Amino acid sequence: MVDKSSTRITVNAPFFQEIKQDHLQLQKLLVELEKLTGNRIALQNHPRQFLELIEALVDQLALHFSLEEAYGYFDHALEESPRFHEQAVKLRDQHAPLYNTIREIAESVVKQCSGKHPQLDSAADRFADFNRSLKAHESAEMSMILESLNRDMGGGD
């Protein structure tokens with residue numbers, strides 16, 4: 001049995017700052033892409049901007065997922081609440097398919113932008129689907145972590 005009064009959560013300040021910066025940059029890119037893809041006239045007039053934002057998102061997601069995996073983003077939750085193990089593994093396993101999807105979208109945008117008159121509606125639709133999947137993934141991660149921390153701090157008892 002774990003003595004809840006002696007369990008402490010420690011936060012590595014530089015790591016926390018890196019996670020915070022990553023999250024802010026990821027959100028900024030997603031908002032910019034949502035605005036651009038939400039206005040198909042603007043999208044057709046700014047194919048290079050779409051390409052640059054999608055490529056930046058590919059890079060940002062690589063960093064984002066690496067931070068979560070390399071620094072044991074879920075480790076505390078799993079150590080204190082092993083019941084989250086299956087859920088955490090499932091969420092980690094979603095990283096590669098999500099990353100591959102955005103990479104494929106970026107590759108299609110590169111091909112489209114190499115032509116004279118890029119038709120980006122299909123890529124914009126694929127981004128919208130991807131964005132919904134990513135948001136659901138991130139929401140599930142946050143819910144799991146918050147529930148684990150809540151239990152760790154005694155709120156779930």
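The values are calculated or read from the model by the stated rules, or taken from the named source; none is laboratory data. Small disclaimer: the values here were computed from a predicted structure and weren't measured. Just so you know, the surface numbers come from the protein's heavy atoms only, side chains and all, with ligands and any DNA or RNA stripped out. Shrake-Rupley method; radii C 1.70, N 1.55, O 1.52, S 1.80 Å.
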Probe 1.4 Å - accessible area at H64, Å² to nearest ten: 10 Å²
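On full extension of the chain, what length is gained from Q119 through D59, given 0.36 nm per residue of separation minus the C-alpha to C-alpha distance?
Working: separation 60, 0.36 × 60 = 21.60 nm, distance 2.36 nm.
19.2 nm is the gain from fully extending Q119 to D59.
Could you calculate the contour length gain from L146 to S108, that is, 0.36 nm times the residue separation minus the distance between their Cα atoms, to one decimal place in nm? List each step's numbers first, then the result.
Values: separation 38, 0.36 × 38 = 13.68 nm, distance 3.67 nm.
This chain segment gains 10.0 nm when fully extended.
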Under 24 Å from K20, Cα to Cα: lysines that are on another chain or at least 8 residues apart: K28, K35, K90, K135
